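To start, the structure itself, in structure tokens.
The values are calculated or read from the model by the stated rules, or taken from the named source; none is laboratory data. Everything numeric in this text was worked out from a predicted model, so none of it was measured. Ideal geometry is used to build each Cβ from the backbone, glycine not excepted, and the neighbour counts take in all protein chains shown.
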Amino acid sequence: MAIIESVSENQGKKVFSLAKPSDKKPLYDIACQTKDEVHAIIAKAKQAQKAWAALPVTDRVKHLLNLRDVIVDQQDRIMETIINETGKAKQDALMVEVYTVAAFITYWCKQAAKSLKPETSRASGIMGFTKKVHVHYKPLGVIGVIAPWNGPFVLTANPCIQAMLAGNTVVAKGSEITPFCSKILEELCLEAGIPEGVCQVLIGDGATGDALITGGVNKISFTGSVATGKKVASRCLETMTPYTLELGGKDAMIVCADAELDDAVHAAVWGSCVNTGHYCCGIERIYVHESIYHDFVSKAVEMTNNMRVGSEYGVDEDMGAVFSEQQMAIIERHVADAVDKGGKVLSGGKRLDKQGLYYPPTVVVDTDESSSLISEETFGPVLPIIKVASDQEAIAKANASKYGLHGSVWTKNKQKGIDIAKQLETGSIAINDIGMMYGIANAPFGGVKESGLGSVNGKHGLRGYCHAMPILVGRYSGKDSGYPHNEKDFENMKKMMHFMWKTTLGRLFFG
Ligand code: NAD
């Protein structure tokens, strides 16, 4: 995220002056939109929604495929915006943000007709003789999307794409420190010919986000920190607005004695440093079996020491800037706390002496489990490597966290990997792979414990932006279940129950 140089006020609006994380040069000032402005934008979205929802799904798909074309054509402009505001490496901007959005559009467009098609079936049980159920997937209306700064384009775009395909209009808000990484989505939608009012993006901070939640939207899709997620949930409850929360994590990597060592080391470094470590499913704790611990550590130190950090490496830059001073402070505090509690820094460990905000890939060993480097989300390029004597010890330590987002297990024995995975208290897990789970559109994604509420993506992700409305159609005008009550019907009901569940023939039909 961009560096906040100062916060001021102009004509009743909060103004942030932003600077680039890569060289600290001034970027621009942004004025936060007020409650009245937010409400006017929601009203416009409500007005646009009816016509948008009335389009056949195939037409909405065409619009979204046009958006994909515009994104692919405009990739350099999008990357420039992202790199200016975040300082992330060019490869991260391309892969984590631009490519992933185009791939999401492709997947959701393919799924749309199947996912949104009404379903008809007989009513369950004996009522199936006289009644049918049609389930319609109705758009909810206007969806409010609130996104964080670490994947500002993709985490704004993905929920918006799904919501729009399902027939909703969207009002999104990116972080105040990556405002145009989100705002650019509105511009790209208009360039793609998507009607005005279907996708609008606000500029603002928490107060602007709060105005969005309380402004009469029909669902909130929130991605961000646990602390803000709790505030968002309580505000949503006040107005009975449905919501999903995709929150922070402290993902554990478990490296078993029989792991493919080089692959696991490579994954540990990449999984901790991709996107400068500002990745919700990034590796935050590494539990390594004692029999391979020393080799693992020395290879990780060698690899982190060889990484190229800084924009002067151009497209070869392995890792970019830390996105903000606030995040740099958290990383520095966690490493210092680990050292205070007996941890040893074997590589990196100190911000780089450069014009921009750079922190090197850092290996820390002998970290006490009570230190904030193990208990809190660090969200930076730090690899705390911890020696364990057994898989069971690794599982217990991995589970001793308030977070439960993602994680990984490394072993040549896939069945053992699956057995370990099933014991982990986490939303999802990878075996011999790293945490790209959010980018896998057909995998349902959502944290447990403090890492979130509800789930997004998955084969029927679009239905999360719909009300599944059953329409019951009866054959006998309801007379089969009506008045007057009498003893004969009462006894017949008892006989029918006996037949259904106490006779062999009945069980054959009714289960
Ligand atoms: P944050 O919670 O500070 O902010 C997220 C968004 O909420 C921003 O747009 C912010 O302006 C807005 N906001 C702040 N206060 C608000 C309020 N009271 N009401 C409404 N909106 C408000 O999070 P962040 O620092 O921008 O993002 C980093 C966090 O996001 C990390 O914890 C990371 O793990 C998490 N994250 C989770 C996922 C996931 O899918 N689980 C993905 C990416 C990031």
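Laid out as a table, the results:
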| read-out | value |
| --- | --- |
| Residues that are within 8 Å of the ligand (Cβ to nearest atom) and acidic (Asp, Glu), drawn from the range 241-255 | Glu246 |
| Any chance Gly454 is within 21 Å of the chain's Cα centre (by Cα) and surrounded by 17 or more Cβ atoms within 10 Å (Cβ to Cβ) | no |
| Selected residue [among the β-branched types (Val, Ile, Thr) and more than 16 Å from the ligand (Cβ to nearest atom)] from Thr120, Thr178 | Thr120 |
| Members of the range 104-119 found to be among the hydrophobic types (A, V, I, L, M, F, W, C) and surrounded by 16 or more Cβ atoms within 10 Å (Cβ to Cβ), listed by number | Phe104, Ile105, Trp108, Cys109, Ala112, Leu116 |
| Qualifying residue in the range 340-358 (condition: within 24 Å of the chain's Cα centre (by Cα), of a type in the set (Phe, Trp, Tyr) and within 22 Å of Trp270 (Cβ to Cβ)) | no |
| Matching residues, the range 446-460, being in contact with a Gly (Cβ under 7 Å, 6 or more places away or on another chain) and not basic (Lys, Arg) | Gly446, Gly447, Val448, Ser451, Gly452, Gly454, Ser455, Val456 |
| Strands (runs of 3 or more DSSP E) contained entirely in the range 201-263, each with at least 3 residues that are under 20 Å from the mean Cα position of the chain (by Cα), over 30 Å from Ala396 (Cβ atoms) and not small (Gly, Ala, Ser) | 219-223 |
| Those residues of the range 397-439 which are more than 16 Å from the ligand (Cβ to nearest atom), more than 21 Å from Val96 (Cα to Cα) and in a loop (DSSP other than H, G, I, E, B), in sequence order | Ala400, Thr411, Lys412, Asn413, Gln423, Leu424 |
| Condition check for Gln33: surrounded by 18 or more Cβ atoms within 10 Å (Cβ to Cβ) and touching a residue at least 60 places away in the same chain (Cβ under 8 Å) | yes |
| Positions within the range 39-73 being farther than 28 Å from Tyr137 by Cα and crowded, with 17+ Cβ neighbours inside 10 Å, in sequence order | Val70, Ile71 |
| Unique residue being hydroxyl-bearing (Ser, Thr, Tyr) and in contact with a Lys or Arg (Cβ under 8 Å, 6 or more places away or on another chain) when the list is Ser221, Ser182 | Ser182 |
| Flag if Ala329 is within 16 Å of the ligand (Cβ to nearest atom) and surrounded by fewer than 15 Cβ atoms within 10 Å (Cβ to Cβ) | yes |
| Tally of residues being part of a strand (DSSP E or B) and more than 16 Å from the ligand (Cβ to nearest atom) across the range 143-175 | 1 |
| Elements of type helices (runs of 4 or more DSSP H) contained in the range 1-118, each with 1 or more residues being of a type in the set (Asp, Glu) and under 25 Å from Gly144 (Cα atoms) | 35-54, 57-73, 75-86 |
| Residue identified as farther than 27 Å from Ile83 by Cβ, crowded, with 17+ Cβ neighbours inside 10 Å, among the acidic types (Asp, Glu) and in contact (Cβ under 8 Å) with a residue 24 or more places away in the chain among Asp295, Asp368, Asp337, Asp318 | Asp337 |
| Top-ranked residue of the range 370-396 - restricted to ones that are within 16 Å of the ligand (Cβ to nearest atom) and polar (S, T, N, Q), ranked as farthest from Ser451 (Cα to Cα) | Ser372 |
| So Gly193, is it within 7 Å of the ligand (Cβ to nearest atom) and over 26 Å from Met469 (Cα atoms) | no |
| The range 462-511 - residue that is under 42 Å from the mean Cα position of the chain (by Cα) and of a type in the set (Val, Ile, Thr) and, of those, modelled with the highest pLDDT | Ile471 |
| Hits in the range 182-200 (condition: in a helix (DSSP H, G or I) and crowded, with 19+ Cβ neighbours inside 10 Å) | Ser182, Lys183, Ile184, Leu185, Glu186, Leu188, Cys189 |
